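The structure appears right after this line, and notes come after that.
Values quoted throughout were computed directly from the atomic coordinates according to the rules given, and no laboratory measurement underlies them. Since this is a predicted model, take the numbers as computed values, not measurements. So basically every Cβ, Gly included, is an ideal-geometry build from the backbone, and we count neighbours across all protein chains shown.
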Amino acid sequence: MSHEHQYSNWQLIKDGLFKENTIFRLAISLCPAIAVTNGLKNGVYMGLAVMFVQVMVNVTVSSIKNFLNPLVRIPVFMLIISGWVSVTDMVMAAYARDVYRQMGLYIQLIVAFASILVMAEMFASKNKVVPSFFNGLGSGLGFMVALVVISFFRELLGRGSLWGFEIAGGSKPLLIMLLPTGGFFAVGILMGFFNWIDIRFYGGKGAGGASGH
Amino acid sequence: MSDFGSLIELFVAASLINNFVFTRFLGLCIFFGVSKKVETAVGMTITFTAVMIISSALSWLIYTYAMIPLDITFLKIVVFIGIVAAFVQSADIIMRKISPGLYYKLGVYLALIATNCIILAVPLINAAEGYSLIKSLVFGLGSGLGFGLALVIMASIREKLELAQVPRPFQGLPLAFVTTGLIALAFTGFSGLITL
């Protein structure tokens, strides 16, 4: 590649966490952000699964990039992604049975995540293995942090517990936060909150705006 | 007769009770991206439903007659995404040759569909539930129309929201999320309609 940038590994992780946070800033791969965040435990497992797939896909793509005909790169990327998703799917089906039963479908659907294909295409196919690893790690961590934040509020408010442990004993939880509605509310309000921080303290425009995908 | 009844039940369950957007949370990226104008939403619905029905039929055939006999069902993620992507690509090419007018209207959406989670979810759910061919088709039809209903509702609301005064941090996507939450609350009301 003609221009290989020098990236510091820490910068790559930080970008993935904040500036290019998959959920709150880029607003892609939103489906699991709502689907599996009704408990902290599910959120963490889903985040781990995505992080694993993202890192492995980035490393694989970056290490084979020199042997790859650019014409067939997208199908090859899809094949790599679906391969690693199958691995994750089978590992979780074997070792995390109770979690898998609730969110097996969403694990399988990691394969259709825009964020993973985007990172493979935009970053890993142009950079060396080590930066690609950290890029994947950062973007996966950002995704996981977003899921953890969302599921933290949803479980705390909706069930009065965290990771299954009772916290707000006695008080009546807000059932609505566990329903689909609560998921949409939580993401919308948190997104608005981060936009507010961005506008108020950093003079930004408030991203996560009109974009879709 | 009871067989026909169960098909209708499946259709209602797929389109209203387990609506893809509001209960299963799939296809949100497209949902928020496309639901800005009613016209686009309708075009998207037609394309989506057609692709969904055909791809669920294709993947059912391959799953039942090739993958189960060969005992390679663990490859279903790889195979299904291949089927869907190949089908969407060829539909794109065929439509462009045969009917440029239709392609001009609906073809743009095909590009968005190729790797969409909804399209992939339908064959995966069909395989997991072990539906028959007819049931798979009905499930695809119901899911597609349910998704279309969600798109049209949301698009009509967003056309009105364009004129509303919204606090700056909530402009665009955050507000769309809160609105979707309210619609989802209404859809929760369908949950007692049929007990499968």
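Taken over the stretch B:61-87, the residue count meeting the criterion of being within 12 Å of another protein chain (Cβ to nearest Cβ) and buried (at least 17 other Cβ atoms within 10 Å of the Cβ) is 10. As a summary of the residue check, A:Arg159 satisfies the conditions (1) out of contact with any His (no Cβ under 7 Å at 6 or more places or on another chain); (2) more than 20 Å from A:Pro180 (Cβ to Cβ) except for the one numbered (2).
For the condition out of contact with any Ser or Thr (no Cβ under 7 Å at 6 or more places or on another chain) and assigned to a helix (DSSP H, G or I), B:Gly144 does not qualify.
Identify, please: which residue in the stretch A:120-176 is under 25 Å from A:Ala35 (Cβ atoms) and β-branched (Val, Ile, Thr) and is, among those, surrounded by the fewest Cβ atoms within 10 Å (Cβ to Cβ)? Looking at residues that are under 25 Å from A:Ala35 (Cβ atoms) and β-branched (Val, Ile, Thr), I get A:Ile167.
Pairing each residue of the stretch A:40-51 that is surrounded by fewer than 20 Cβ atoms within 10 Å (Cβ to Cβ) with any residue that is β-branched (Val, Ile, Thr), provided the two are 6+ apart or on different chains, yields C-beta distances under 7 Å for A:Lys41/A:Val99; A:Val44/A:Val148.
Just a yes or no: is a residue in the stretch B:172-183 within 14 Å of chain A (Cβ to nearest Cβ), outside any helix (DSSP H, G or I) and crowded, with 20+ Cβ neighbours inside 10 Å? Checking the stretch B:172-183: at least one residue is within 14 Å of chain A (Cβ to nearest Cβ), outside any helix (DSSP H, G or I) and crowded, with 20+ Cβ neighbours inside 10 Å.
Contact annotation: residue pairs with Cβ atoms under 8 Å, 6 or more positions apart or on different chains, pairing a residue in the stretch B:35-57 that is closer than 21 Å to B:Thr180 by Cα and in contact (Cβ under 8 Å) with a residue 60 or more places away in the chain with a partner that is among the charged types (D, E, K, R) and in a helix (DSSP H, G or I), are B:Ser35/B:Arg158; B:Lys36/B:Arg158; B:Lys36/B:Glu159; B:Lys37/B:Glu159; B:Val38/B:Glu159; B:Gly43/B:Lys105. Residues in the stretch A:65-82 that are farther than 19 Å from B:Ala128 by Cα and either surrounded by 14 or more Cβ atoms within 10 Å (Cβ to Cβ) or within 14 Å of chain B (Cβ to nearest Cβ) (or both): A:Lys65, A:Leu71, A:Val72, A:Arg73, A:Ile74, A:Pro75, A:Val76, A:Phe77, A:Met78, A:Leu79, A:Ile80, A:Ile81. Checked against (1) touching a residue at least 12 places away in the same chain (Cβ under 8 Å); (2) within 14 Å of another protein chain (Cβ to nearest Cβ); (3) more than 27 Å from A:Ile80 (Cα to Cα), B:Gly107 meets all criteria but (2).
To keep it simple, each residue is scored yes or no on (1) away from every other protein chain (no Cβ under 14 Å); (2) within 15 Å of the chain's Cα centre (by Cα); (3) more than 30 Å from A:Ser63 (Cβ to Cβ); (4) hydrophobic (A, V, I, L, M, F, W, C).
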site: A:Ile116; (1), (2), (3), (4): no, yes, no, yes
site: A:Phe123; (1), (2), (3), (4): yes, no, no, yes
site: A:Gly138; (1), (2), (3), (4): yes, yes, no, no
site: A:Phe152; (1), (2), (3), (4): yes, no, yes, yes
site: A:Pro180; (1), (2), (3), (4): no, no, yes, no
site: A:Gly188; (1), (2), (3), (4): no, no, yes, no
